[in-house]
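The block underneath contains the structure these notes are about, expressed in structure tokens.
The values are calculated or read from the model by the stated rules, or taken from the named source; none is laboratory data. Every value quoted in this text rests on a predicted model; they were computed, and no experiment measured them. Positions of Cβ are backbone-derived with ideal geometry, glycine not excepted, and every protein chain shown enters the neighbour counts. For the accessible areas, the whole protein counts, side chains as well, though only heavy atoms, and no ligand, DNA or RNA atoms are used. Shrake-Rupley method; radii C 1.70, N 1.55, O 1.52, S 1.80 Å.
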Amino acid sequence: MKKRAPSSSSSLALAALPVARSRLRLGLQLILCVSVLACTLTLIRICSRSPSPVDLVEVPLLAPPKIAFLFLARSNLPLDFVWHTFFQKAEEEKYSIYIHSEPGFVFDRTTTRSPFFFGRQLQNGIRVVWGEATMIEAERLLLAVALKDPANQRFALISDSCVPLYNFSYIYSYMMSSSKSFVDSFLDRKDVRYNAKMFPTIPKDRWRKGSQWITLVRKHAETLVADTIVFPVFSKFCKRQTGLALGAKQNNKEAAQKEHDCIPDEHYVQTLLSMSHLEDELERRTLTYTSWNQSIDTKDKRSWHPKTFEFPDASLEHIMEIRNINHVYYETEYRTEWCQCNGTFVPCFLFARKFSRSAAMRILNEGLLGPFDAGAFLFTNS
């Protein structure tokens, strides 16, 4: 039987088959590459939209966690000699120092007696006015710079008139033993500072009040720096009464009374953390002791500021009384806050303010922070 030769059409079909398969394979590879590229671009776009004021990179710590001491200063640090003694007895790898001062102010041997503060000032400082949002803006700037060091795990805001009540070792152990931030935060039922114009961004039931002097864990510091919603509202609607703040005379007081009176640094951190549902992660108290003027007139300008410790007020007996305080009573909430760290009862305060130079020198001479040789300190920095 004779075999028939294949037709020309069949030959063409068989020849075209490998070409079709090659084109199909190429098409599938092209589709896969385009899909991968599209996913990559989407991820980049999502990341670029996320607020990232600082590089908040979590890396394994190969060194001890550090406390970032964040000094908020008008210009210089008048109590640098106290802090020099404090840091002199500290382990260098366990702390960092950052200072927000007036723009252009440089900490060097001509402006401070302590080399611990040389070059520690922020380069992007702003002019700060008491009772305005610039105060909390300066705090956020300090936190943003300190967060760049992944070893910084606690962030303590310190006044330029503040002194430590214990040595570094005690304060370090105290802060690191707690997984919570120390933020004085309470609901003031008599508060009239809430401005209805803040609603709905800031609901009234999330409005809180408390001390400016905070100590934060890293997570909460990141929350403050990343905030792009609450801070602008504070800047716009939480302001002091300008007439009273400038010491206006009687004929200007009526106009000042019509202004909405609000002090941003006494509300911002507390309200933001409340809105972020982080209050369960707080010890709701400050670590800084303050004695406030008690004026009968609530609009008396002097009642807005803490008392200053002078030499007679800084006796060892008085300091020990402050050290022995173990609870704080919040009258507006009928709440007694017993001071604890990780479930253990502890003294409430690690720092105190406002101290004059003479009062600060007295606590050093009393040996509160350990042996102190004033002559050696002055000689070293002369």
message: Out of everything in region 169-191 that is of a type in the set (D, E, K, R) and at pLDDT 95 or above, what residue ends up being most open to solvent (accessible area, probe 1.4 Å)?
response: K180
field: First in region 155-167 and more than 18 Å from S178 (Cβ to Cβ), second anywhere and of a type in the set (S, T, N, Q), Cβ under 7 Å, 6 or more apart
entry: C162/T288
field: Tally, over region 80-106, of residues that are assigned to a loop (DSSP other than H, G, I, E, B) and farther than 13 Å from F69 by Cβ
entry: 8
- prompt: What is the one condition in (1) assigned to a loop (DSSP other than H, G, I, E, B); (2) open to solvent by 30 Å² or more (accessible area, probe 1.4 Å); (3) modelled with pLDDT of 80 or more that D261 does not satisfy?
  reply: (2)
field: Filter result for R193 (free of Cβ contacts under 8 Å to residues at least 40 places away in the same chain and part of a loop (DSSP other than H, G, I, E, B))
entry: no
query: Wholly within region 304-362, which strands (runs of 3 or more DSSP E) include no fewer than the required count, namely at least 3 residues that are in contact with an Asp or Glu (Cβ under 8 Å, 6 or more places away or on another chain) and closer than 23 Å to L157 by Cβ?
result: 327-330
field: Scan of region 308-355 for residues that are hydroxyl-bearing (S, T, Y) and free of Cβ contacts under 8 Å to residues at least 60 places away in the same chain, ordered by number
entry: S315, Y329, Y334, T336
- request: Could you tell me whether any residue of region 230-240 is of a type in the set (D, E, K, R) and open to solvent by 50 Å² or more (accessible area, probe 1.4 Å)?
  value: yes
query: Does L79 fit the bill of being aliphatic (A, V, I, L, M) and buried (at least 16 other Cβ atoms within 10 Å of the Cβ)?
result: yes
field: Within region 109-168, considering residues that are of a type in the set (D, E, K, R) and touching a strand residue (DSSP E or B) at 6+ places or on another chain (Cβ under 9 Å), the one surrounded by the fewest Cβ atoms within 10 Å (Cβ to Cβ)
entry: D149
message: Contact list please: Cβ distance under 6 Å, first residue in region 139-154 and over 18 Å from L272 (Cβ atoms), second residue surrounded by fewer than 19 Cβ atoms within 10 Å (Cβ to Cβ) and among the β-branched types (V, I, T), pairs at least six apart or on different chains.
response: K148/V54; P150/V59
query: Of the residues that make up region 106-117, is at least one modelled with pLDDT of 95 or more and in contact with a Pro (Cβ under 8 Å, 6 or more places away or on another chain)?
result: yes
